[in-house]
Amino acid sequence: MNDPAVEDWPGDPWDQRVASALSFLRRRLSGQYEVDEFGFDPELTDHVFYPVLRRLYHDWFRTEVFGLENLPDDGAGLVVGNHSGTVAMDALMLSIAVHDGHPKARHLRLLGADLVFRVPVLSELTRKSGGTVACNPDAERLLSSGELVGVFPEGFKGVGKHYRDRYKLQRFGRGGFVSAALRTGTPIVPVAIVGAEEIYPILGDLKPLARLLKLPYFPVTPTFPWLGPLGLVPLPSKWLIEFCPPIPTADLVDYADDPMVIFNLADQVRETIQQTLHHLLEKRPDPFGR
Amino acid sequence: MTAALGVVVVTGISRYLGAHVAARLAADDRVGRVVGLDPNEPTAEIQRLLGGVEQVRADAASVPTVVAELDAEVVVHLSLVTSPEPGGRAAMKEHNVIGTMQLLAACQQASHLRKLVMRSSTAAYGASFRDPAVFTEDTEPRQVPRGGFARDILDVEGYLRGFRRRRPEVSATVLRFAPFIGSTADTTLTRYFAQPLVPTVLGRDPRLQFLHVDDALEALHRSVVEDHPGTYNVAGAGVLALSQAIRRAGRLAVPVFEPGLSAAATLAGGLRLGRYGLDQLDLFVHGRVVDTTRLVEEYGFEPRTTAAAFDDFIRRHADRSLVTADQLATAERAILDGIRRVRATAAKESS
């Protein structure tokens, strides 16, 4: 049934775009795609989530990246970053920095607090974009299958801190991320992220409301909740991301249960990130500059 | 060749799984005598399978005497009910928990018993938001599940741990099965996917794993004729998201607000309407994925993948699909051709 009026237009970019969009839609509607055991849907991530985030990354936050050569070419790596910015925007921008900067376009598999997985919709978006619950079994499973894993040991202490504490790293919890790296012999890549602190500066925390809503904090920023939904627009700060040289752990596998080794290593990672943050801040005198 | 195994007792032969396992064992010449225990009379359809199987009508109270008299060498415990129909939740718990307790008490007394094979479920891992994505056999449940069946499973496995301590010389195999699917399986879940409109939980897209029911039979058969003491996850490799499974089956998802579903499930349970209980709801909020490395290494047997098992189910139930993959492909072709035709005309006019 070849209609002579209908021909392929080889080389026509619009024809290719339409054809690939339609076939994408068909695959999605008939369920013909793969998800891994964590629920990661690479097709949806590459074609829907990342393009949206990429616009924010380039046009809104004007992100610059340094030290990409410190990411492992292939095989496992544990990327440990500072956390800030009221919502976990820094984690999303970090995934774009890794995916678009890495020669093999690797996906960063994020570890999130269990609160994320309690919330309908958000939990599923997180899983489909490659995230999972921050717990040792999941971290070790991802690392032993050679994935690049991203973790923020400060957790809510980092994202929910007051604006006056910006770029001051909070406590690093129990160092579970270090023991996961040691057990699997994975190198740790510290990463410093500058810019997320200014997107929603927290000036106050409505604790009673947070308790009522079972949230770790209820932020008050210059625009939220005063401007309603408009207050959800992040301020356009300038972002800098720097990956630091990897810390090898292969020779420490036997010390995975030694609290001294774990605390020292966690401290070393924390210090590295803190110092890199100071360097980056010197490079960026104006938080909202070009 | 002389039979390697003497008397094999199978419980729950009035149901699909028990009947098929008993029939397979009876057809295996390594097995001497197969005796099926069940309080209920099997239906005519099931009865046809049970040619070489001796049948004993025994309720929970008379099981100890029967097991003792038979001098069983192997006991295969499959008599668990997964949903409260017909007799309600109380009868279900009585059957699962008290029934297993009494059977294990009888097994403890049986002096010639060499092996115990028990059916369990991956529901044993409970359901919590702090759960790891993939359960290994050593994962402890973090939260007691809401569903009745899952709680029964936790109780039953608890009794089995006690049995292992008291009779360490008996080889005890526990198979934690993922939900069954396949062209012949008839379970709450297969009935769920067979409907054209499928209710789901709003904002949740759980990761599911299935086990082809024939692979469940194979694993049980091997557990009886080979020696594999221990606890094993049995599931098809790979994962389907619920939304993906619904699309592959050509059904339409109808998302429902979760608190409403919980209330409906509780109400349905109370009124004994319960086809879908809190067990299904827990699964549809949290999903459940297990690691089967231990099974594959120990048994040298790999169940067909979750996707393949689900495909087998779809082929059987294709008649109730609303949208098929072929229709979508035709639509794709038609739209693409349409757009090309319009553009070709436009190009001709402008030139």
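Toward the positive end of the charge dipole of the range B:106-249, with +1 on the Cβ of Lys and Arg and -1 on the Cβ of Asp and Glu, the farthest Cα among B:T173, B:A241, B:L154 is that of B:L154.
Helix A:13-29 and the long axis of chain A differ in direction by around 70°, with both axes built from C-alpha atoms.
For the pair B:T293 and B:R114 in one chain, pulling the backbone fully straight at 0.36 nm per residue adds 61.8 nm over the alpha carbon distance. Volume of the convex hull of the protein assembly as shown (Cα atoms only), normalised per residue: 215 Å³. Taking Cβ atoms as reference points and 14 Å as the exclusive limit, the residues near A:G146 contribute a net charge of -1, counting Lys and Arg as +1 and Asp and Glu as -1. Relative contact order of chain B: 17 percent, from C-alpha pairs under 8 Å at least 6 residues apart in sequence. In the distance distribution for chain A, Cα-Cα pairs more than 27 Å apart total 45 percent.
For the pair A:D100 and A:L125, a Förster radius of 22 Å applied to the C-beta separation gives a FRET efficiency near 0.65, rounded to the nearest 0.05. Across peptide A:34-40, the average count of Cβ atoms from other chains found within 10 Å of a residue's Cβ is 6.
Ranked by how many other Cβ atoms sit within 10 Å of their own Cβ, fewest first, the residues A:C135, B:C107 fall in the order A:C135, B:C107.
Pairwise alpha-carbon distances in chain B exceed 38 Å for 22% of all pairs.
For the range A:159-196 and the range B:182-215, compute the distance between their C-alpha centroids and round to whole Å. Answer, in whole Å: 41.
Taking 0.890 mPa s as the viscosity and 25 °C as the temperature, the Stokes-Einstein diffusion coefficient of the range A:187-276 based on its alpha-carbon Kirkwood radius rounds to 150 µm²/s.
Across the alpha-carbon atoms of the range B:136-249, the computed radius of gyration and Dmax are 16.6, 51 angstrom. Over all pairs of different C-alpha atoms in the range B:22-132, the reciprocal of the mean inverse distance, the Kirkwood hydrodynamic radius, equals 15.7 Å.
The modelled label-to-label distance for the pair A:L203/B:A44, using points 7 Å beyond Cα in the direction of Cβ, is 8.1 nm. Estimated from the Cβ-Cβ distance and a Förster radius of 25 angstrom, the FRET efficiency linking A:L235 and A:D267 is about 0.20. Residues within the reach of a label modelled at A:D59 (point 7 angstrom out along Cα to beta-carbon, backbone nitrogen below 18 Å), restricted to the range A:224-246, are A:233-239. In this simple spin-label model, placing a label point 7 Å from the Cα along the Cα-to-Cβ direction at both B:I339 and A:F24 gives a separation of 1.1 nm. For B:I181, B:I46, B:I13, the sequence from fewest to most other C-beta atoms within 10 Å is B:I46, B:I181, B:I13. The label-point distance for A:L115 and A:L68, in a model that sets each label 7 Å from Cα toward Cβ, rounds to 3.3 nm.
Note: relative contact order over chain A, using C-alpha pairs below 8 Å and six or more positions apart, is 22 percent. Multiplying the residue separation of B:T330 and B:V254 by 0.36 nm and subtracting their alpha-carbon distance yields 24.9 nm. As a proxy for reagent exposure, ranking B:H212, A:H47, B:H20, B:H221 by other Cβ atoms within 10 Å from fewest up yields A:H47, B:H221, B:H20, B:H212. Put the Cα centre of the range A:209-225 next to the Cα centre of the range B:12-53 and the gap is 62 Å. Each Lys and Arg Cβ is given +1 and each Asp and Glu Cβ -1; about its Cα centre, chain B then shows a dipole of about 1020 debye.
Once each of the GluC sites (Glu not before Pro) sitting in a DSSP loop with at most 15 other beta-carbon atoms within 10 Å is removed, chain B keeps B:1-168 as its longest stretch. Each Cα pair under 8 Å and six or more residues apart adds its sequence gap; the mean of these over the residue count of the range B:1-129 is a relative contact order of 26 percent. Length available on full extension from B:D227 to B:A90: 0.36 nm per residue minus the Cα-Cα distance, which gives 45.8 nm.
FYI, it's all coordinate maths here, none of it is from the lab. Predicted model, so just to flag it, every value in this text is computed and none were measured. Glycine also receives a Cβ, built like all others from the backbone with ideal geometry; neighbour counts cover every protein chain displayed.
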